[in-house]
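*Asks:* First, the structure itself, so that you have it in front of you.
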Amino acid sequence: KEIIKNINQAEAFINIAMYIFTDREIALSLIKARERGVKVRLYLDKDQVDYRYSQSRFLVQKGIKTRISSNEYIMHNKFAIIDNRILLTGSYNWTFSANNRNDENLLIIDDPEIIEIFQNQFINLWTNKYSFEKTRQLYEIAKVDFLPPSPVPAQTKTKIININSASSEELTSILQISQPLAQKIITQRDELGGFKNPQDLLQLPEVTTLDWQEWKEQGITIIIELK
């Protein structure tokens, strides 16, 4: 399958907005991606919370970060963005029927301008259009602790990372990123002669504003002291 092939090639992140998700093979490929350090974010329609055949609960149990749409009607998007490099979209839901029975279309797009449009759409959905209650319900059904995004509590110990001196191991463990992305950060650092601003990380297409937001929520402070 082209979907699994592209998931297997992911190095940094996979952002998914999917109306119906029942395909176990695709679910397993996402779990393998997460296990090699790829950040996977899954945004689903409200009916996927308790739909019998949905992979939502299985994926939550395997550590895939998932949010449920707040749209009271239908969240009908069907797309995935991989590393800001590839966009998968079309009529194709990630289901057994789509793969084996239906007449469907799947577009694989590598145009940066189109990918940016979809990425901005995903960021808006993920940040502004998710249901706290439906998401909490999904995690409860899956019997997984639900930790909603919130400001860093005062008692949270701040983690500090100097991106101008951090090793690959420190980048992967503190920022919770993949090994390939850590190496790209180091390569970029060397080419620039050191980062001048912490947000220079966002110049890498594989680093998104969602990553930046999550680092803040986790109490991670990024500094740029030169050696």
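Just so you know, all these numbers are worked out from the coordinates, no wet-lab data involved. Source: prediction; values computed, not measured. Note that each Cβ is placed from the backbone with ideal geometry, even for glycine, and that neighbours are counted across all protein chains shown.
*Asks:* Hey, what do the phi angles of the range 60-73 turn into as Karplus ³J(HN,Hα) couplings, whole Hz, using 6.51/-1.76/1.60 and θ = phi - 60°, x for Gly and Pro?
*Replies:* 4, 5, 8, x, 7, 5, 10, 10, 10, 4, 8, 5, 6, 9
*Asks:* Quick one: which of 11-18, 165-172, 201-208 comes out on top by average Cβ neighbours within 10 Å, and what's the full order, highest first?
*Replies:* Ranked from most to least packed, the peptides come out as 11-18, 201-208, 165-172.
*Asks:* For a test of the definition: using alpha carbon positions, the gyration tensor, and the 1.5 limit on a/c, classify the range 67-153 as rounded, prolate or oblate.
*Replies:* It comes out oblate by the Cα gyration axes.
*Asks:* Fewest first, what order do 53, 139 take by the number of other Cβ atoms within 10 Å?
*Replies:* Least to most surrounded, the residues fall as 53, 139.
*Asks:* Now, a different point. Determine the shape class of the range 2-141: with a ≥ b ≥ c the square roots of the Cα gyration tensor eigenvalues, call it rounded for a/c under 1.5, and otherwise prolate if a/b is greater than b/c, oblate otherwise.
*Replies:* The shape class here is rounded.
*Asks:* Follow-up question, since we're still on this one. How would you classify the range 100-227 from its alpha-carbon gyration tensor, with a ≥ b ≥ c the square roots of the eigenvalues: rounded for a/c under 1.5, else prolate if a/b is greater than b/c, otherwise oblate?
*Replies:* It is oblate, given that a/c is not under 1.5 and a/b is not larger than b/c.
*Asks:* Let me ask something else about it. Taking Cα atoms, how many degrees apart are the long axis of helix 179-192 and the longest axis of the chain, rounded to 10 and kept between 0 and 90?
*Replies:* 40 degrees
*Asks:* Quick one: angle between helix 24-35 and the longest Cα principal axis of the chain, in degrees between 0 and 90, rounded to 10, please.
*Replies:* Helix 24-35 sits at roughly 10 degrees to that axis.
*Asks:* Pull up the DSSP beta bridges for the chain and report the antiparallel fraction as a percent, rounded to 5.
*Replies:* Counting DSSP beta bridges with both partners in the chain, the antiparallel share is about 50 percent.
*Asks:* Anything over 18 Å Cα to Cα? Flag those among 1/78; 159/184; 129/216; 62/129, in the order listed.
*Replies:* 159/184; 129/216; 62/129
*Asks:* Each label point is 7 Å from the Cα along the Cα-to-Cβ direction; what then is the distance between the points at residue 186 and residue 225, in nm?
*Replies:* 2.1 nm
*Asks:* Check which residues have an amide H placed less than 5 Å from residue 67's amide H, if you skip close sequence neighbours.
*Replies:* The list, which skips near neighbours in sequence, is 42, 43, 44.
*Asks:* Let me ask another. Of 190, 47, 83, which is the most mobile in a GNM of the chain whose springs link Cα atoms less than 10 angstrom apart?
*Replies:* Most flexible of the set in this elastic network: 190.
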